[in-house]
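Taken together, the values in this text are just the output of simple stated rules run on the coordinates, not laboratory data. Everything quoted here is computed from the prediction, not taken from an experiment. Reconstructed Cβ throughout: ideal geometry from the backbone, glycine too, with neighbour counts over all protein chains shown.
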Amino acid sequence: MPAFTPTELAERLGSGLLSFPVTHFTRDLAFDEPAYRENIVRLRQYEIAGLFAAGGTGEFFSLTPQEVGTVVRAAVGSAPQGTPILAPAGHGTAQAVEMARDAEAAGADGLLLFPPYLTEASADGLTAHVRAVCDSTSLGVVIYSRANAVYTSDTVATLADACPNLIGFKDGVGDLEAITRIHSRLGDRLVYIGGLPTAETFALPYLELGVTTYSSAIFNFLPEFALTFYSAVRAGDRTKVRRLLDDVVLPYTTIRDRKAGYAVSIVKAGMDLAGHPAGPVRPPLTDLDDPARELLADVIQASRTALA
């Protein structure tokens, strides 16, 4: 049995910052389980509301289903007691259902359901996709709205009625009107998670729309900064948030935008520069080039100055 019921999981996720750990690889691009477990143990010292194993920052898209199961089990076996572990599910519906069942068998506490692979789908098709996954597990499920799986307020409301274990909506689109409509219609029925790249950029305006938490990639290598930023957001300290945005977050996003795929690569480069190497990214991603790494080193130093 999972440590959290779906309702308990939703409450926990909405109460604090969420961590999406990177997945460690060796030089020959094999999963480096000892290093991954060591990193999860390192993150245990920080106050986080949930760990999402093998998520987008964890290069879910490059992992085989068997590797996903191995990563999830490593996270479950290394995470602190009382910290929920959410596993990924995705690709086609049949594969997502298999991943959901395996995640429950592995001891995960919830699921993040990624968009179906490649193909576009109608609202009815997305509804059937989500219902199939929710029906296959007792775990709480968070849907990820982005790319070819953008959920309207009607679709989310239909799913919330049909799936008691649907607990969350993660936004990767940035449509403020859509978020407003969904929150207005469903209120506290779901937990709302900011999921845009470098979610800190949108954290303050999203909070006013009921999005109380977000996935912080920066947390991987600047955990103290990420938690300080989150605390400023929840406190409504606009002056501090804007200062941290100007000094650290916006320069970081400028590096991220230098090349497609850098949203993940920059996190692994940051891990390396912060003294916690996680290995290379897998193709089709590419690692940061040397000029970008030099700029990122300046951002890391700026974050330390900002906290000081």
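Quick look at the values:
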| read-out | value |
| --- | --- |
| Chain lengthening between E8 and D246 when straightened (0.36 nm per residue, less Cα-Cα) | 82.1 nm |
| Label-zone membership for segment 75-90, site T26, 7 angstrom Cα→C-beta point, backbone N under 19 Å | 75 |
| Simple spin-label estimate for D135 and R258 in nanometres, 7 Å along Cα-Cβ | 4.9 nm |
| Two-site label geometry, L176 and A162: point separation in nm, points 7 Å out along Cα→Cβ | 3.2 nm |
| Alpha-carbon centroids, segment 279-300 and segment 91-155: separation in whole Å | 31 Å |
| Principal axes of segment 100-148: Cα extent on each, largest first, Å | 32, 17, 14 |
| Contour excess over end-to-end distance, with Cα ends at R37 and Y117 and 0.36 nm allotted per residue | 26.0 nm |
| Semi-axis lengths (Å, descending) of the ellipsoid that matches the C-alpha gyration tensor of segment 1-139 | 24, 19, 12 |
| Compactness of segment 67-158, expressed as Rg and Dmax over alpha-carbon positions, Å | 13.4, 40 |
| 222 nm mean residue ellipticity, helices alone, for the chain (DSSP H n ≥ 4; -39,500 (n - 2.57); rounded to 500) | -14000 deg cm²/dmol |
| Loop sites in segment 1-51: trypsin sites (Lys or Arg not before Pro), DSSP, at most 11 other Cβ within 10 Å | R27 |
| For the chain, convex hull of alpha carbons as volume per residue, Å³ | 118 Å³ |
| Largest to smallest principal axis extent of the C-alpha atoms in segment 231-308, angstrom | 40, 23, 21 |
| Other-chain or far-sequence residues with amide H under 5 Å of L112's (modelled H) | A87, A89, V142 |
| Cross-link reach list, lysines versus K268, counting only Cα pairs under 26 Å and skipping chain neighbours closer than eight places | K170, K259 |
| Approximate shape of segment 172-296 as ellipsoid semi-axes (Cα gyration tensor, √5λ), whole Å, largest first | 28, 17, 12 |
| Burial ranking of peptide ranges 291-300, 258-267 (average Cβ count within 10 Å, highest at the top) | 258-267, 291-300 |
| Loop-located GluC sites (Glu not before Pro) in segment 182-275, at most 10 other Cβ atoms within 10 Å (DSSP) | E208 |
